[in-house]
Amino acid sequence: MNMDLIEVRALRAARTRDDLRVNEHVRPLAGGTWLYSEPQPGLEELVDLMTLGWTPVDAEATGGLRIAATCTIAQLLAHPADPAWGPGVAPLFRRAAESLVASWKIWNAATVGGNVCMALPAGAMTSLTSALDGEALIWQADGGERRLPITEFVTGVRTTALSPGEVLRRIDLPAHALRARVGFRRSALAPLGRSGAIVIARRDVAGSFVATVTAATTRPHRVWFAAPPTAAELREAIEASVAAGDGWYDDAHGAPDWRRARTLAMAEELRLELTAEEAR
Ligand SMILES: Cc1cc2nc3c(=O)[nH]c(=O)nc-3n(C[C@H](O)[C@H](O)[C@H](O)COP(=O)(O)OP(=O)(O)OC[C@H]3O[C@@H](n4cnc5c(N)ncnc54)[C@H](O)[C@@H]3O)c2cc1C
(Lines give C-alpha, C1' and ligand atoms only; values in the text may rest on other atoms or scores of the structure.)
Protein backbone atom coordinates (compact mmCIF):
# COMPACT_ATOMS: atom_id res chain seq x y z
CA MET A 1 0.00 0.00 0.00
CA ASN A 2 2.78 2.42 0.88
CA MET A 3 4.18 4.59 -1.80
CA ASP A 4 7.18 6.88 -1.89
CA LEU A 5 6.17 10.52 -1.65
CA ILE A 6 9.08 11.89 -3.65
CA GLU A 7 8.39 15.59 -3.02
CA VAL A 8 8.26 15.18 0.75
CA ARG A 9 11.53 16.43 2.22
CA ALA A 10 10.84 16.07 5.93
CA LEU A 11 8.82 14.08 8.41
CA ARG A 12 8.49 15.80 11.77
CA ALA A 13 7.35 13.98 14.88
CA ALA A 14 5.11 16.36 16.83
CA ARG A 15 5.56 16.20 20.61
CA THR A 16 3.64 19.32 21.61
CA ARG A 17 1.03 21.57 20.08
CA ASP A 18 3.76 24.09 19.12
CA ASP A 19 5.28 21.45 16.82
CA LEU A 20 2.21 21.31 14.59
CA ARG A 21 2.60 24.38 12.31
CA VAL A 22 0.74 22.97 9.29
CA ASN A 23 -0.20 24.67 6.04
CA GLU A 24 -0.94 23.85 2.41
CA HIS A 25 2.49 22.21 1.92
CA VAL A 26 2.98 20.86 5.45
CA ARG A 27 0.21 18.43 6.31
CA PRO A 28 -0.71 16.34 9.34
CA LEU A 29 0.09 12.63 9.10
CA ALA A 30 -2.22 10.35 11.08
CA GLY A 31 -2.44 6.67 10.09
CA GLY A 32 -1.11 7.44 6.60
CA THR A 33 -3.47 4.93 4.95
CA TRP A 34 -4.60 7.52 2.45
CA LEU A 35 -1.56 9.85 2.45
CA TYR A 36 0.71 6.96 1.41
CA SER A 37 -1.78 5.47 -1.02
CA GLU A 38 -1.53 7.98 -3.84
CA PRO A 39 0.72 10.81 -5.13
CA GLN A 40 0.45 14.02 -3.11
CA PRO A 41 1.48 16.89 -5.43
CA GLY A 42 2.74 19.96 -3.57
CA LEU A 43 3.24 18.12 -0.29
CA GLU A 44 6.67 19.00 1.13
CA GLU A 45 6.53 18.00 4.76
CA LEU A 46 4.51 15.74 7.03
CA VAL A 47 3.91 16.31 10.73
CA ASP A 48 3.25 13.07 12.55
CA LEU A 49 0.32 13.46 14.95
CA MET A 50 0.66 9.97 16.38
CA THR A 51 3.73 11.00 18.40
CA LEU A 52 1.62 13.50 20.38
CA GLY A 53 0.53 10.61 22.59
CA TRP A 54 -3.13 11.59 22.85
CA THR A 55 -5.29 9.18 24.87
CA PRO A 56 -7.35 7.42 22.20
CA VAL A 57 -10.73 7.35 23.96
CA ASP A 58 -11.76 8.98 27.23
CA ALA A 59 -15.09 8.29 28.89
CA GLU A 60 -16.42 11.47 30.49
CA ALA A 61 -18.05 11.40 33.93
CA THR A 62 -21.20 12.72 32.26
CA GLY A 63 -21.41 9.62 30.05
CA GLY A 64 -20.01 11.19 26.88
CA LEU A 65 -16.99 9.96 24.93
CA ARG A 66 -13.96 11.97 23.86
CA ILE A 67 -12.34 10.39 20.84
CA ALA A 68 -8.88 11.71 19.95
CA ALA A 69 -8.37 12.44 16.27
CA THR A 70 -5.47 9.97 16.39
CA CYS A 71 -7.59 7.14 17.84
CA THR A 72 -7.37 4.25 15.40
CA ILE A 73 -10.47 2.44 14.32
CA ALA A 74 -9.15 -0.65 16.12
CA GLN A 75 -8.72 1.32 19.36
CA LEU A 76 -12.23 2.72 19.06
CA LEU A 77 -13.66 -0.78 18.64
CA ALA A 78 -11.62 -2.05 21.59
CA HIS A 79 -13.11 0.56 23.92
CA PRO A 80 -15.56 -1.22 26.23
CA ALA A 81 -19.25 -0.52 25.79
CA ASP A 82 -20.87 1.33 28.68
CA PRO A 83 -23.93 -0.38 30.21
CA ALA A 84 -25.67 3.00 30.01
CA TRP A 85 -25.46 2.98 26.21
CA GLY A 86 -28.74 2.48 24.43
CA PRO A 87 -29.75 -0.58 22.38
CA GLY A 88 -27.83 -0.75 19.13
CA VAL A 89 -25.07 1.70 20.08
CA ALA A 90 -22.23 -0.80 20.63
CA PRO A 91 -23.05 -2.70 17.38
CA LEU A 92 -23.20 0.66 15.58
CA PHE A 93 -19.48 1.27 16.23
CA ARG A 94 -18.60 -2.08 14.66
CA ARG A 95 -20.99 -1.78 11.74
CA ALA A 96 -19.68 1.68 10.93
CA ALA A 97 -16.09 0.41 11.03
CA GLU A 98 -17.06 -2.51 8.79
CA SER A 99 -18.43 -0.04 6.25
CA LEU A 100 -14.90 0.94 5.28
CA VAL A 101 -13.83 -0.87 2.15
CA ALA A 102 -11.31 -3.61 3.07
CA SER A 103 -11.84 -2.38 6.60
CA TRP A 104 -9.87 -5.05 8.47
CA LYS A 105 -6.72 -4.19 6.47
CA ILE A 106 -6.64 -0.61 7.68
CA TRP A 107 -8.28 -0.74 11.14
CA ASN A 108 -4.94 -0.82 12.99
CA ALA A 109 -3.57 2.26 11.22
CA ALA A 110 -6.49 4.37 9.98
CA THR A 111 -7.61 6.98 12.49
CA VAL A 112 -11.01 8.40 13.27
CA GLY A 113 -9.71 11.94 12.67
CA GLY A 114 -8.02 10.98 9.40
CA ASN A 115 -11.24 9.46 8.14
CA VAL A 116 -13.33 12.52 9.00
CA CYS A 117 -10.71 14.95 7.65
CA MET A 118 -10.61 13.00 4.35
CA ALA A 119 -14.27 13.97 3.98
CA LEU A 120 -15.20 11.19 1.58
CA PRO A 121 -18.96 10.62 1.26
CA ALA A 122 -18.25 7.01 2.30
CA GLY A 123 -16.30 8.17 5.34
CA ALA A 124 -17.49 5.63 7.86
CA MET A 125 -16.32 7.60 10.89
CA THR A 126 -18.12 10.64 9.50
CA SER A 127 -21.30 8.53 9.37
CA LEU A 128 -20.82 7.31 12.94
CA THR A 129 -19.89 10.59 14.57
CA SER A 130 -22.38 12.76 12.71
CA ALA A 131 -25.20 10.36 13.64
CA LEU A 132 -24.23 10.53 17.33
CA ASP A 133 -24.20 14.36 17.40
CA GLY A 134 -20.39 14.38 17.39
CA GLU A 135 -18.71 17.71 17.89
CA ALA A 136 -15.25 18.48 16.53
CA LEU A 137 -12.72 20.27 18.70
CA ILE A 138 -10.48 22.16 16.31
CA TRP A 139 -7.07 23.55 17.21
CA GLN A 140 -6.54 26.87 15.45
CA ALA A 141 -3.25 28.13 14.09
CA ASP A 142 -3.09 31.04 16.58
CA GLY A 143 -3.31 28.73 19.61
CA GLY A 144 -7.07 29.09 20.04
CA GLU A 145 -9.71 26.42 19.58
CA ARG A 146 -13.24 26.19 18.25
CA ARG A 147 -16.01 23.61 18.14
CA LEU A 148 -18.21 22.52 15.28
CA PRO A 149 -20.78 19.72 14.82
CA ILE A 150 -19.45 16.99 12.51
CA THR A 151 -22.47 17.65 10.28
CA GLU A 152 -20.91 21.08 9.62
CA PHE A 153 -17.27 20.00 9.75
CA VAL A 154 -17.59 17.95 6.54
CA THR A 155 -18.73 20.43 3.91
CA GLY A 156 -18.53 18.39 0.70
CA VAL A 157 -16.54 15.78 -1.21
CA ARG A 158 -12.99 16.09 0.15
CA THR A 159 -13.72 19.47 1.75
CA THR A 160 -14.00 20.37 5.41
CA ALA A 161 -14.49 23.49 7.50
CA LEU A 162 -10.82 23.38 8.55
CA SER A 163 -9.01 26.61 7.71
CA PRO A 164 -5.32 26.55 6.75
CA GLY A 165 -3.23 25.76 9.81
CA GLU A 166 -6.06 24.10 11.73
CA VAL A 167 -5.94 20.57 13.08
CA LEU A 168 -8.73 18.34 14.33
CA ARG A 169 -7.89 17.56 17.97
CA ARG A 170 -10.80 15.31 18.93
CA ILE A 171 -14.46 14.44 18.47
CA ASP A 172 -16.81 14.46 21.44
CA LEU A 173 -19.91 12.26 21.49
CA PRO A 174 -22.52 13.49 23.97
CA ALA A 175 -24.16 11.18 26.52
CA HIS A 176 -27.70 11.80 25.21
CA ALA A 177 -26.81 10.30 21.82
CA LEU A 178 -25.01 7.30 23.34
CA ARG A 179 -28.05 6.55 25.52
CA ALA A 180 -30.44 6.53 22.55
CA ARG A 181 -31.81 3.51 20.70
CA VAL A 182 -30.13 3.46 17.32
CA GLY A 183 -30.50 1.65 14.05
CA PHE A 184 -28.13 1.36 11.08
CA ARG A 185 -28.68 0.58 7.41
CA ARG A 186 -26.15 0.51 4.59
CA SER A 187 -26.40 -0.14 0.86
CA ALA A 188 -23.58 -0.79 -1.58
CA LEU A 189 -23.68 -1.89 -5.20
CA ALA A 190 -21.46 -4.90 -4.41
CA PRO A 191 -21.36 -6.92 -1.17
CA LEU A 192 -17.83 -5.71 -0.35
CA GLY A 193 -18.13 -2.46 -2.28
CA ARG A 194 -17.84 1.11 -1.09
CA SER A 195 -20.92 2.42 0.73
CA GLY A 196 -23.49 3.97 -1.60
CA ALA A 197 -25.94 5.04 1.08
CA ILE A 198 -25.93 4.93 4.88
CA VAL A 199 -28.76 5.92 7.19
CA ILE A 200 -28.37 5.92 10.97
CA ALA A 201 -31.44 6.77 13.04
CA ARG A 202 -31.78 7.51 16.74
CA ARG A 203 -34.62 7.55 19.21
CA ASP A 204 -33.45 9.68 22.10
CA VAL A 205 -34.53 9.07 25.68
CA ALA A 206 -36.20 12.49 25.54
CA GLY A 207 -38.44 11.14 22.75
CA SER A 208 -36.87 12.94 19.78
CA PHE A 209 -36.12 11.12 16.53
CA VAL A 210 -33.02 11.87 14.45
CA ALA A 211 -31.96 10.44 11.10
CA THR A 212 -28.57 11.08 9.53
CA VAL A 213 -27.83 10.38 5.89
CA THR A 214 -24.29 9.87 4.61
CA ALA A 215 -22.56 8.17 1.65
CA ALA A 216 -25.56 8.99 -0.60
CA THR A 217 -24.80 12.69 -0.33
CA THR A 218 -21.70 14.88 -0.53
CA ARG A 219 -21.89 15.74 3.18
CA PRO A 220 -23.92 14.49 6.16
CA HIS A 221 -27.59 15.47 6.33
CA ARG A 222 -29.36 15.36 9.69
CA VAL A 223 -33.08 15.67 10.22
CA TRP A 224 -34.48 16.07 13.74
CA PHE A 225 -38.03 15.71 15.07
CA ALA A 226 -39.25 16.37 18.61
CA ALA A 227 -41.39 13.21 18.32
CA PRO A 228 -41.33 10.34 15.77
CA PRO A 229 -42.35 11.65 12.34
CA THR A 230 -44.83 10.08 9.97
CA ALA A 231 -43.43 8.32 6.90
CA ALA A 232 -44.25 11.38 4.78
CA GLU A 233 -42.71 13.84 7.25
CA LEU A 234 -39.46 11.87 7.37
CA ARG A 235 -39.26 11.49 3.59
CA GLU A 236 -40.03 15.16 2.98
CA ALA A 237 -37.49 16.34 5.56
CA ILE A 238 -34.71 14.23 4.04
CA GLU A 239 -35.60 15.28 0.48
CA ALA A 240 -35.68 18.97 1.50
CA SER A 241 -32.36 18.81 3.34
CA VAL A 242 -30.59 17.08 0.44
CA ALA A 243 -32.18 19.41 -2.13
CA ALA A 244 -30.99 22.43 -0.14
CA GLY A 245 -27.45 21.00 -0.34
CA ASP A 246 -25.68 19.48 -3.36
CA GLY A 247 -28.37 16.88 -4.09
CA TRP A 248 -27.80 13.12 -4.30
CA TYR A 249 -24.22 12.08 -4.94
CA ASP A 250 -23.19 10.58 -8.26
CA ASP A 251 -20.08 8.45 -8.73
CA ALA A 252 -19.06 4.93 -9.68
CA HIS A 253 -20.45 3.61 -6.39
CA GLY A 254 -24.05 4.54 -7.17
CA ALA A 255 -26.31 6.68 -9.34
CA PRO A 256 -28.25 9.50 -7.66
CA ASP A 257 -31.69 7.97 -8.22
CA TRP A 258 -30.56 4.64 -6.73
CA ARG A 259 -28.97 6.42 -3.75
CA ARG A 260 -32.12 8.43 -3.17
CA ALA A 261 -34.37 5.35 -3.36
CA ARG A 262 -32.15 3.32 -1.03
CA THR A 263 -31.83 6.17 1.48
CA LEU A 264 -35.56 6.81 1.67
CA ALA A 265 -36.37 3.09 1.95
CA MET A 266 -33.78 2.55 4.70
CA ALA A 267 -34.93 5.65 6.59
CA GLU A 268 -38.48 4.33 6.58
CA GLU A 269 -37.33 0.90 7.80
CA LEU A 270 -35.52 2.58 10.68
CA ARG A 271 -38.51 4.79 11.49
CA LEU A 272 -40.68 1.68 11.81
CA GLU A 273 -38.01 -0.20 13.74
CA LEU A 274 -37.41 2.56 16.29
CA THR A 275 -41.07 3.33 16.84
CA ALA A 276 -42.32 -0.28 16.82
CA GLU A 277 -42.92 -0.43 20.57
CA GLU A 278 -45.25 2.55 20.55
CA ALA A 279 -47.23 1.10 17.66
CA ARG A 280 -47.94 -2.12 19.60
C1 LIG B 1 -7.94 -0.41 1.45
C2 LIG B 1 -8.46 0.97 1.77
C3 LIG B 1 -9.83 1.15 1.91
C4 LIG B 1 -10.36 2.42 2.23
N5 LIG B 1 -11.69 2.52 2.36
C6 LIG B 1 -12.21 3.74 2.67
C7 LIG B 1 -13.63 3.89 2.81
O8 LIG B 1 -14.40 2.96 2.58
N9 LIG B 1 -14.10 5.10 3.19
C10 LIG B 1 -13.26 6.14 3.46
O11 LIG B 1 -13.72 7.22 3.85
N12 LIG B 1 -11.94 6.03 3.28
C13 LIG B 1 -11.39 4.86 2.90
N14 LIG B 1 -10.05 4.76 2.71
C15 LIG B 1 -9.24 6.00 2.78
C16 LIG B 1 -8.50 6.21 4.12
O17 LIG B 1 -7.64 5.15 4.33
C18 LIG B 1 -9.44 6.34 5.34
O19 LIG B 1 -10.29 7.46 5.14
C20 LIG B 1 -8.69 6.50 6.66
O21 LIG B 1 -9.60 6.48 7.74
C22 LIG B 1 -7.85 7.76 6.73
O23 LIG B 1 -7.28 7.82 8.02
P24 LIG B 1 -5.69 7.93 8.25
O25 LIG B 1 -5.49 8.08 9.71
O26 LIG B 1 -4.94 6.85 7.59
O27 LIG B 1 -5.41 9.31 7.52
P28 LIG B 1 -4.11 9.91 6.73
O29 LIG B 1 -3.89 9.10 5.51
O30 LIG B 1 -2.97 9.95 7.72
O31 LIG B 1 -4.63 11.34 6.48
C32 LIG B 1 -5.75 11.57 5.63
C33 LIG B 1 -5.91 13.09 5.41
O34 LIG B 1 -6.41 13.71 6.59
C35 LIG B 1 -5.51 14.71 7.09
N36 LIG B 1 -5.53 14.58 8.55
C37 LIG B 1 -5.36 13.44 9.26
N38 LIG B 1 -5.57 13.68 10.56
C39 LIG B 1 -5.85 15.00 10.68
C40 LIG B 1 -6.16 15.85 11.79
N41 LIG B 1 -6.23 15.38 13.04
N42 LIG B 1 -6.39 17.16 11.55
C43 LIG B 1 -6.34 17.64 10.29
N44 LIG B 1 -6.07 16.89 9.20
C45 LIG B 1 -5.82 15.58 9.40
C46 LIG B 1 -4.16 14.36 6.46
O47 LIG B 1 -3.30 15.50 6.35
C48 LIG B 1 -4.61 13.82 5.10
O49 LIG B 1 -4.90 14.90 4.24
C50 LIG B 1 -9.49 3.53 2.40
C51 LIG B 1 -8.11 3.33 2.23
C52 LIG B 1 -7.60 2.08 1.94
C53 LIG B 1 -6.12 1.94 1.76
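The values are calculated or read from the model by the stated rules, or taken from the named source; none is laboratory data. Everything quoted here is computed from the prediction, not taken from an experiment. Note that we place each Cβ from the backbone using ideal geometry, even for glycine, and neighbour counts take in every protein chain shown. Remember, those area values only see protein heavy atoms, side chains included, never the ligands or the DNA or RNA. Shrake-Rupley method; radii C 1.70, N 1.55, O 1.52, S 1.80 Å.
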When residue 121 is evaluated against the numbered criteria (1) in a loop (DSSP other than H, G, I, E, B); (2) within 10 Å of the ligand (Cβ to nearest atom); (3) under 18 Å from residue 47 (Cβ atoms), which criterion, by number, is the only one it fails? (3)
Within the range 23-33, track down each residue that is open to solvent by 20 Å² or more (accessible area, probe 1.4 Å) and either in contact (Cβ under 8 Å) with a residue 60 or more places away in the chain or near the ligand (Cβ under 6 Å from one of its atoms) (or both). 23, 24, 27, 28, 30, 31, 33
Tell me, which strands (runs of 3 or more DSSP E) wholly within the range 125-217 include 1 or more residues that are free of Cβ contacts under 8 Å to residues at least 24 places away in the same chain, out of contact with any Leu (no Cβ under 8 Å at 6 or more places or on another chain) and within 16 Å of the ligand (Cβ to nearest atom)? 145-149
Condition first: over 20 Å from residue 212 (Cβ atoms) and either in contact with a helix residue (DSSP H, G or I) (Cβ under 7 Å, 6 or more places away or on another chain) or within 8 Å of the ligand (Cβ to nearest atom) (or both). Now tell me which residues in the range 83-102 satisfy that. 101, 102
Would you check if there is a residue in the range 53-67 being near the ligand (Cβ under 10 Å from one of its atoms) and either free of Cβ contacts under 8 Å to residues at least 40 places away in the same chain or assigned to a loop (DSSP other than H, G, I, E, B) (or both)? yes
Output for the range 34-88, where each listed residue is on the phi > 0 side of the Ramachandran plot and surrounded by 12 or more Cβ atoms within 10 Å (Cβ to Cβ): 63, 88
Suppose we filter the range 173-190 for residues that are crowded, with 20+ Cβ neighbours inside 10 Å and either of a type in the set (A, V, I, L, M, F, W, C) or in contact with a Lys or Arg (Cβ under 7 Å, 6 or more places away or on another chain) (or both); how many remain? 7
Within the range 101-133, restricting attention to residues that are among the polar types (S, T, N, Q) and surrounded by fewer than 23 Cβ atoms within 10 Å (Cβ to Cβ), which residue is farthest from residue 52 (Cα to Cα)? 103
Can residue 91 be described as open to solvent by 40 Å² or more (accessible area, probe 1.4 Å) and free of Cβ contacts under 8 Å to residues at least 12 places away in the same chain? no
